Amino acid sequence: MAGPAQGHAGGGGRGGGRGGALEEVDGVIYLAASVRNSGAGIAVLHSWYPTVGEPAAGDRPVAIDQFRRLTRDLYIPAHDVGFWQGAIREPDDPYRWEVSRAIAQRERLSIDLLYGDHEGGQRTITRITFTPFDTGVWATSVGRYWHLDNHEPR
């Protein structure tokens, strides 16, 4: 069995393909981040959940059934870098207004990303935070991990 697929996004925005992108184009909100799999096995990204604003230190992820399923499989090779991407396309999406406002007003945004190993286990949620910089860049960082199938890392 593969080791924990603990992905994380690099900071900095412009350095070596690290960072994230948040934009709204023709009524569609696009979100993307560079992610790194520091585990020994292939990571499979499952779903995501957006939160606008500064997450509190004790915040926990929402229930798994509230996460948004990815429309295509995204695999990140062991000890390698890949990407996560999501979109909000529907005009009546319950998160559209809040995420659109955060992008336009350059507010901090977090994505809780659910993923596991290629065998369907070792599910983990990683919180990726997008922080805006005056240069127009969205830097990404990871602040928390939650293991769903094993003990917590803290």
message = If you average the C-alpha positions of the stretch 67-99 and of the stretch 107-148 separately, how far apart do those two centres end up, in angstrom?
response = 11 Å
request  = In a Gaussian network model over the chain where Cα atoms closer than 10 Å are linked, find which of Gly143, Gly86, Gly20 has the largest mean-square fluctuation.
outcome  = Gly143
query = In deg cm²/dmol, rounded to 500, what helix-only [θ] at 222 nm does the chain give when every DSSP H run of at least 4 residues adds -39500 (n - 2.57) and the total is split over its residues?
reply = -1500 deg cm²/dmol
note = In nm, the gap between the two label points placed 7 Å beyond Cα toward Cβ at Val25 and Tyr95 is 2.0 nm
ask   = Kirkwood hydrodynamic radius of the chain from all distinct Cα pairs, in Å?
value = 15.6 Å
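Every read-out reported here was derived from the displayed coordinates using simple, explicitly stated rules and does not represent laboratory data. If you're wondering where the values come from, they're calculated on a predicted model, not measured in any experiment. As a convention, Cβ positions derive from the backbone with ideal geometry for all residues, glycine included, and neighbour counts pool all protein chains shown.
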